[in-house]
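Derivation of every value follows stated rules applied to the coordinates shown; laboratory data play no part. Predicted, not measured: the structure shown is a model, and the values here were computed from it. Note that each Cβ is placed from the backbone with ideal geometry, even for glycine, and that neighbours are counted across all protein chains shown.
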Amino acid sequence: MTMAPDYVPNPADLGAAYVVTQASTRRTPLLEAEALAQASGATRFFVKAENLQWAGSFKLRGAFWRLSCLDDAARKRGVVADSSGHFAQGLALAGRELGVPVTIVMPVDAPEMKRRATEGFGARVILSEHGERPREEAASALARDTAEREGLALLHPFDDPMIVAGQAGAGLEALEQMAEAGSAPDIVFCPVGGGGLMGGLALAIRNACPEAEIYGVEPVGYDGMGVSLRAGSRQRVTGGVTICDALQATMPGEATFAACQAAGVRGLAVDDDGVRHAMRTGFEVLKLVLEPSGAVALAAALGGQVPVAGKRVLVLATGGNIPFARFSACLEGTED
């Protein structure tokens, strides 16, 4: 199955992917936080805990659907992709479940915990050196070389309409859970790295809730999606220093930008202090362990950039792959 790079998945595409991926993904909790509703003035405040998904993030959804769409020959040969950790683990687990050999090219400075977990799911990991280059660019180039040299199917960690369709399952599931709670979102906050989850989630939300406000949240310096949406075309940003190691894409993909643009996503950027505060709030109020990249949407919802008073809020908490020592270090110095 192939799609044009900028194809925007329709509701039938999202539904087809969700039917298949439900069999191998966890129905992650949708947590209602009355304390956060009271603090922000929101009518109701929900957090979708995708950090509790198998492999520690939402990435399994898109990875499983993408591998399910391969032909038999490609499945037998195997696949290669570059990833700093979350897609690596999701793809490795999906490959194990579907019997597809998986090779991951991972930046040499990616968190060791994520590398070990990826290998633990049965994938082969190749480390890439990047020097002064953006690490994602160096890893992507090595993945392309590996695919050509070994005859493997090259998969992109986010810039693929099928990945977008698969990740939409997190949104469809959250909508089901909110309906069960007698609610629906007025405003949605979701992290953005390359934009695969954001694109799929936004399409799912927009189809069900045409009037909802949808915000894609990125770290300051890596707000390529927000900059691109405001400009009306894909733009590259310069990057910088951030604790959000999984959200360091410098430019959104064609597929993800097309989906976000079609769904009317707006961009927000949050700084590291806001992320640390959100990590602490997630731990103390929601009893969730969130890595920095998984807490940016909560940081935006709590940060006051966008008024949420009187609205039903949905926040995506997306990753929890962080060692205790780093989690503790991130929270050191935050307010009691």
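Between A300, A170, N321, whose Cα lies farthest towards the positive end of the dipole of the chain when Lys and Arg beta carbons carry +1 and Asp and Glu beta carbons carry -1, centred on the Cα centre?
Most positive-ward Cα: A170.
Show log10 I(q)/I(0) for the range 98-155 at q = 0.14, 0.15, 0.19 Å⁻¹, two decimals, from a solvent-free Debye sum over equal Cα scatterers.
Treating every Cα as an identical point scatterer, log10 I(q)/I(0) equals -0.38, -0.44, -0.69.
Please state, rounded to one decimal and in Å, the Kirkwood hydrodynamic radius that the chain gives when every pair of distinct Cα atoms enters the mean of 1/r.
On the way: mean 1/r = 0.0515 Å⁻¹.
Kirkwood radius, the chain: 19.4 Å.
In degrees, nearest 10, range 0 to 90: what is the angle between the Cα axis of helix 135-150 and the longest Cα principal axis of the chain?
30 degrees
How large is the helix-only mean residue ellipticity at 222 nm for the chain, computed as the sum of -39500 (n - 2.57) over DSSP H runs with n ≥ 4, divided by its residue count, in deg cm²/dmol to the nearest 500? Before the final figure, lay out the partial values.
Working: 15 runs with 152 residues, N = 336.
Result for the chain: -13500 deg cm²/dmol, rounded to the nearest 500.
Got a sec? Which residues in the range 157-192 would a label at A74 touch, if it sits 7 Å along Cα→Cβ and we count backbone N under 15 Å?
The answer is 157-166.
Measuring from a point 7 Å past the Cα of T250 along Cα-to-C-beta, which residues in the range 130-173 have an amide N at less than 19 Å?
130-145, 157-159
Counting only DSSP beta bridges with both residues in the chain, tell me the antiparallel percent, nearest 5.
Values: 4 of 34 bridges.
Roughly 10 percent of the DSSP beta bridges within the chain come out antiparallel.
Can you tell me the 0 to 90 degree angle between the C-alpha axis of helix 11-21 and the longest principal axis of the chain, rounded to 10?
Tilt of helix 11-21: around 70 degrees.
Anyone know which of A23, A55, A141 comes out most mobile in the 10 Å Cα GNM of the chain?
Per the Cα network of the chain with a 10 Å cutoff, A23 tops the list.
Give the separation of the Cα centroids, the range 250-323 to the range 227-246, in Å.
Comparing the Cα centres of the range 250-323 and the range 227-246, I get a distance of 15 Å.
Sequence-distant or interchain residues sharing an amide H contact under 5 Å with L127, placed H: which?
M106
For the range 59-160, build the charge dipole from Cβ charges (+1 Lys, Arg; -1 Asp, Glu) around the Cα centre, then report which of A143, A94, I126 sits farthest towards its positive end.
My answer, from the dipole projection, is A94.
How long, wide and thick is the range 59-160, going by the Cα atoms along their three principal axes, in whole angstroms, largest first?
Principal extents (Cα only, largest first): 39, 27, 21 Å.
Could you derive backbone 3J(HN,Hα) for the range 207-214 from the dihedral phi with the Karplus parameters 6.51, -1.76 and 1.60 (θ = phi - 60°), listing whole Hz in sequence and x where the residue is Gly or Pro?
These are the phi-based 3J(HN,Hα) values: 4, 8, 9, x, 8, 5, 8, 10 Hz.
Given the options L229, L197, L60, state which has the largest fluctuation in a GNM of the chain using a 10 Å cut-off (strictly under) for Cα springs.
L229
Taking every pair of distinct Cα atoms and averaging 1/r, then inverting, what Kirkwood hydrodynamic radius in Å comes out for the range 2-140?
Working: mean 1/r = 0.0596 Å⁻¹.
Roughly 16.8 Å, rounded to one decimal.
Check which residues have an amide H placed less than 5 Å from I214's amide H, if you skip close sequence neighbours.
Distant-sequence amide H within range of I214: V188, R266.
Would you mind computing, in nm to one decimal, how far apart the modelled labels at R124 and V241 are, each placed 7 Å from Cα along Cα→Cβ?
3.8 nm
Let me spell out the model: positive unit charges on the Cβ of Lys and Arg, negative unit charges on the Cβ of Asp and Glu, origin at the Cα centre of the range 59-160. What dipole size does that give, in debye rounded to 20?
On the way: 15 positive and 16 negative charges, 83 e Å.
Its charge dipole is roughly 400 debye.
In debye to the nearest 20, how big a dipole does the chain give about its Cα centre with +1 on each Lys and Arg Cβ and -1 on each Asp and Glu Cβ?
560 debye
State the number of lysine pairs found in the chain whose Cα atoms come within less than 17 Å, restricting to pairs 8 or more positions apart or on distinct chains.
Counting lysine pairs in the chain gives 4.
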